[in-house]
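Just below is one structure, and these are the notes that go with it.
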Amino acid sequence: MRHLLLGVGIAAFSVHGAIAQDKPAKPTPEAMAEYRKNIKVCSEARAKHEAVAVPYWSRVGEKRKARFAKRRAGESVTLADYVLEQPPVYSGPPCPRDPSVRQEDQPEDKLELPVVADFLHNAREHFGFEPEQANEIDFKQAYVAVATAAGITRDQVVRIYSFETGGNGRFDAQAGLIFQRPNARPISTALGYNQLLTANTTSLLAGKGDRFVKVLQGRAAELSGEPRKTLERKIETLRRMVAFSRTVPERWSDHVRLARTPKGLALHALNLDIDIGPLLQTQKLLDSVRYAKIKGIEQLTAAELEMMNLTGDGNGFDMLSLSPEMRAQVPTSNFFQRLGYERNPIAVRTRVVEKLIAETDAVMDKRSASEGARDLARLMD
């Protein structure tokens, strides 16, 4: 799934911020009394919300499993196989911060996500690897060459880039930091033109790593001297990273777990390399295109391909298989895990599949006019 937080344990490997050691000023008795009163109100409101939300999301998961089983058995899926109510929305007050605890020690701050500096640090530390980063146009050119050879269309390349990065995102753009706003924080580990999560990188290496090695070997064979030696060293590092990605079973949950480790974070730095990054970013889209074809969808619009990029291939196909009439009725929540849904404003705002796809198209229309998207389009042409 796209834009899901990696969870507890990441902060231990983050190098981009140091925790302050100063103790907070001792709060007054009045401040503590106010805090205890407000946290009681918040806790009661949260408990009331969870009593409704947990069963709702359990029902979403159960119906999803049942739909997938029906399709495997060749049975038809109907509206009754989806949860048709919208998910409950928390309407209580926000929970206050404990004034006796340092701000950086508050629970939400302990879930600090890694950023590019962390991926690079771990790549150097555990694999002696420094990705070969290039200027933006050169990286786009390398990406276009790989995507075109893979059969990804101009519209798919440009419009998905526009949607995922705002139309101007760099190859090292990370979710939450793309627009470089003051005090911005990462919202996930999603990185690059198609916003791959760390677990996406791990999964792609485990499944397609040998192919990536073979492509680079072909390029190396056309070189000589120091450029060839440099690329051969990179190939050897890639081999070691691929081997590490295969130290767990080839299951998404295991890839998520491995991606949380320091060596797992190191793999994500490959997305920043001009030789390997375009291979990873393109393969994610190519896998979705091939999955759709196997399921009977010969051609995907950019917005439809983005649905698979956004929710995962199985959920994306589940969504795209809906008839126009069903798309207007089925809530978007049916195709997400709870955390992914709640952190995806467009899925929450649009409410039903029809509007989600329409707004995705509209955002693509608008952002395709941005300079970065126009550069990409010129290179595709």
Selection status of M307, under 20 Å from the mean Cα position of the chain (by Cα) and either over 18 Å from L84 (Cα atoms) or part of a loop (DSSP other than H, G, I, E, B) (or both): yes
Please name all residue pairs, on different chains or six or more residues apart, with Cβ atoms under 8 Å, provided the first residue is in segment 117-142 and is at pLDDT below 95 and the second residue is open to solvent by less than 70 Å² (accessible area, probe 1.4 Å). A134/A142; A134/I274
Over segment 77-90, the set of residues over 15 Å from G61 (Cα atoms), open to solvent by 40 Å² or more (accessible area, probe 1.4 Å) and either at pLDDT below 95 or of a type in the set (A, V, I, L, M) (or both) is L79, V89, Y90
Evaluate segment 145-162: report whether one residue or more is in a loop (DSSP other than H, G, I, E, B) and either at negative phi or touching a strand residue (DSSP E or B) at 6+ places or on another chain (Cβ under 8 Å) (or both). yes
Residue check for K65: free of Cβ contacts under 8 Å to residues at least 40 places away in the same chain, open to solvent by less than 60 Å² (accessible area, probe 1.4 Å) and basic (K, R): no
Mind listing whichever residues of segment 4-50 are more than 29 Å from V89 (Cα to Cα), of a type outside the set (K, R), open to solvent by 90 Å² or more (accessible area, probe 1.4 Å) and modelled with pLDDT of 50 or more? D22, P29, E30
Right, N168: farther than 27 Å from T311 by Cβ and open to solvent by 10 Å² or more (accessible area, probe 1.4 Å) or not? no
Which one of these is farther than 22 Å from Q133 by Cβ and of a type in the set (D, E, K, R): R219, R251? R251
Please verify whether segment 353-374 includes one or more residues that are touching a Leu at 6+ places or on another chain (Cβ under 7 Å), open to solvent by 40 Å² or more (accessible area, probe 1.4 Å) and at pLDDT 95 or above. no
Filter segment 245-303 for residues that are open to solvent by less than 10 Å² (accessible area, probe 1.4 Å), of a type in the set (S, T, N, Q) and either over 30 Å from L322 (Cα atoms) or part of a loop (DSSP other than H, G, I, E, B) (or both) and give the result. S245, N271
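The values are calculated or read from the model by the stated rules, or taken from the named source; none is laboratory data. Treat the numbers as computed from the prediction; the structure is a model and nothing was measured. Methodologically, a virtual Cβ is constructed for each residue, glycine included, from the backbone with ideal geometry; neighbour enumeration extends over all protein chains shown. Heads up: the accessible areas ignore ligands, DNA and RNA and are worked out on the full protein's heavy atoms, side chains in. Shrake-Rupley method; radii C 1.70, N 1.55, O 1.52, S 1.80 Å.
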